[in-house]
């Protein structure tokens, strides 16, 4: 199965595509960090839509895994992230792909072994588990981690009929 992982943002996004046949057979296909074009939010959101359309067209994922919004202190940042996440979900929906959402702590728990893992720890674990030749950019590593979380947890829940929506 091919999974597109998305780490949404209002200025840059992470994209990670993996293939997996089983928990022991997960392979990174591609990953990148994309800086969105434009100085205004509307321009960047349109850029996000265009970029995701191109990724979906090129890599043809069967399902999409996307990181949930996490609000720590800055509500404005969370609102901007919500706009980007909404555009990503609308783009995925328009392509008639199913999307699964994962909380940041769940992603960190799955990939690094604990829900408070830092960015560098997640990047290192993604590189090691996928046997990548070099560390991916931060947002790309996060996107790969989201895709891996679906492969390691979400697919099992889907098969067991235990996925709650």
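Sorted ascending by nearby beta carbons within 10 Å, beginning with the fewest, 2, 73 become 73, 2.
Each semi-axis of the equivalent ellipsoid for the chain is √(5λ) with λ an eigenvalue of the Cα gyration tensor; in descending order they amount to 23, 18, 16 Å.
For the chain, relative contact order (Cα pairs under 8 Å, six or more residues apart, normalised by length) works out to 31 percent.
Using Cα springs under 10 Å in a Gaussian network model of the chain, which residue among 121, 138, 51 shows the largest mean-square fluctuation? The residue that fluctuates most here is 121.
With respect to the chain, whose longest principal axis is taken over its alpha-carbon atoms, helix 138-149 is tilted by about 50°.
Compute the helix-to-body angle for 119-130: its Cα long axis versus the longest principal axis of the chain, expressed 0 to 90° and rounded to tens. Compared with the principal axis, the helix lies near 50 degrees.
With angles folded into 0 to 90 degrees, how steeply does helix 75-94 sit against the dominant principal axis of the chain? Use alpha carbons for both and round to 10. Taking Cα atoms only, the helix is inclined about 70 degrees. Using the Cβ-Cβ distance between residue 23 and residue 73 with R0 set to 35 Å, the FRET efficiency works out to roughly 0.45.
A Gaussian network model of the chain, with springs between Cα atoms under 10 Å, assigns the largest mean-square fluctuation among 21, 143, 112 to 21. Inter-part distance, the stretch 1-39 to the stretch 87-150, computed on C-alpha centroids, equals 7 Å.
Relative contact order for the stretch 46-136: what is it in percent, counting Cα pairs under 8 Å that are at least 6 residues apart? Rounded, it is 25 percent for the stretch 46-136.
Each reported figure results from applying straightforward, stated rules to the coordinates on display, with no laboratory input. All figures in this text were calculated on a predicted structure; none of them were measured in a lab. Positions of Cβ are backbone-derived with ideal geometry, glycine not excepted, and every protein chain shown enters the neighbour counts.
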